[in-house]
Amino acid sequence: MPSMYSFSVPVFQRGLQNLSVYLDQIEAYASEKGIEPKELVAARLFDDMLPLSGQFQRASDAAKLAIARLAGVDAPRFEDNETTVADLRERLKKTQDFLATVTPEALEGSETREVTISPGGNKTVFKGEDYLAKFALPNFFFHITTAHCILRSRGLPVGKMTYLGSFA
């Protein structure tokens, strides 16, 4: 039976790696079109939605907070002040560095660990397995998908295979 670790840490690591590829594409596209990459980092789908930087921040948060909650450890805190591609790369690196510290043993038994969250002020209590499957992973992929859509809406040639990432 696959473990909580195998359904979480490697999944988050892959998604964050795919976000890194988007940053490469932002730089290439901005250079080709003669625009500042910061314009894309600040781009939004709609005025009432977070910009691309916010999508990266929330994906990072979703990954690090999920693993910290499941492992019963403190998550690193980041300022949410990234405004450049370099800033976002550093954010992804710090998140990846944290995930790399978590061992499969740290998540043993986490499927039954009680996890309490308060999105929008509404307290919800989950068992670890339900938290991962019904909140943490969907939340993570929502923000990656929204980042993808922001870039696509700005003309970047990102497609399904960009989103899915390399299988090598």
(message) What number comes out for accessible area per residue over the chain if the probe is 1.4 Å? Units Å², please.
(response) 54
(request) Report relative contact order for the chain in percent, whole number only (criteria: Cα-Cα under 8 Å, sequence separation at least 6). (result) 33
(request) Work out from phi, with θ = phi - 60° and the Karplus expression 6.51 cos²θ - 1.76 cosθ + 1.60, the ³J(HN,Hα) of each residue of the stretch 36-48, listed in order in whole Hz, and give x for Gly and Pro. (result) 7, x, 4, 4, 6, 4, 8, 5, 10, 6, 9, 4, 8
(message) As a test of the formula, what do you get for the chain when each DSSP H run with n ≥ 4 contributes -39,500 (n - 2.57) and the sum is divided by the residue count, at 222 nm and rounded to the nearest 500 deg cm²/dmol?
(response) -17500 deg cm²/dmol
(request) Give a residue-ordered list of calculated ³J(HN,Hα) values for the stretch 14-25 (Karplus: 6.51 cos²θ - 1.76 cosθ + 1.60, θ = phi - 60°; whole Hz; x for Gly, Pro). (result) 5, x, 5, 5, 5, 5, 4, 5, 4, 5, 4, 5
(message) Placing unit charges on C-beta atoms (Lys and Arg positive, Asp and Glu negative, everything else neutral), compute the dipole magnitude of the stretch 25-168 about its Cα centre in debye, rounded to 20.
(response) 280
(message) Per residue of the stretch 121-131, what does 6.51 cos²θ - 1.76 cosθ + 1.60 with θ = phi - 60° give for ³J(HN,Hα)? Whole Hz please, x for Gly and Pro, Karplus curve as stated.
(response) x, 9, 5, 10, 10, 10, 7, x, 4, 5, 4
(request) Just add up the charged neighbours of Gly54: K/R +1, D/E -1, any other residue whose Cβ is under 11 Å from the Cβ of Gly54. (result) -1
(request) Just check the stretch 9-164 against the gyration tensor rule for me: Cα atoms, a ≥ b ≥ c as the square roots of the eigenvalues, rounded for a/c under 1.5, and otherwise prolate or oblate depending on whether a/b exceeds b/c. (result) prolate
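The values are calculated or read from the model by the stated rules, or taken from the named source; none is laboratory data. Owing to the predicted nature of the structure, the values given are computational and were not obtained by experimental measurement. Note that we place each Cβ from the backbone using ideal geometry, even for glycine, and neighbour counts take in every protein chain shown. These accessible areas exclude ligands, DNA and RNA; they are computed on the full protein's heavy atoms, side chains included. Shrake-Rupley method; radii C 1.70, N 1.55, O 1.52, S 1.80 Å.
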